[in-house]
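We did not get these values from a lab; they are worked out from the coordinates using the rules stated. Owing to the predicted nature of the structure, the values given are computational and were not obtained by experimental measurement. Positions of Cβ are backbone-derived with ideal geometry, glycine not excepted, and every protein chain shown enters the neighbour counts.
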Amino acid sequence: MKSKNLEKPDSELLRKQKIASRIAEIPKKYRKIYRKAVQDNNKNAAIQSFCLECVCWQKNEIINCSCLVCPLYGLRPYSVFHNLKKPRF
């Protein structure tokens, strides 16, 4: 039975391999934002990458997203709602 300390390097290596494989499938113009999401743990980049992947890397489809129940709907990039500033009270 492996201890947790021995499993961690294997899981990190596996994650890096899977990320490299995924990046190879992503259109070149979106690879940078995906790397920023997975390597830097950047939340905005993660949301942007998730939305782009959801709509097959078609930026205009994010703007026209009709999945009103998606937890990221109000946070989606490129949308009018995302760019509006929240009023201060």
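Which of (1) more than 13 Å from P77 (Cβ to Cβ); (2) surrounded by 15 or more Cβ atoms within 10 Å (Cβ to Cβ) does K28 not meet, given it meets every other one?
Only one criterion in (1) more than 13 Å from P77 (Cβ to Cβ); (2) surrounded by 15 or more Cβ atoms within 10 Å (Cβ to Cβ) is unmet by K28, namely (2).
Quickly run through region 39-81 and pick out the residues that are more than 26 Å from K16 (Cβ to Cβ), outside any loop (DSSP other than H, G, I, E, B), under 14 Å from the mean Cα position of the chain (by Cα) and not β-branched (V, I, T).
K59, Y73, L75
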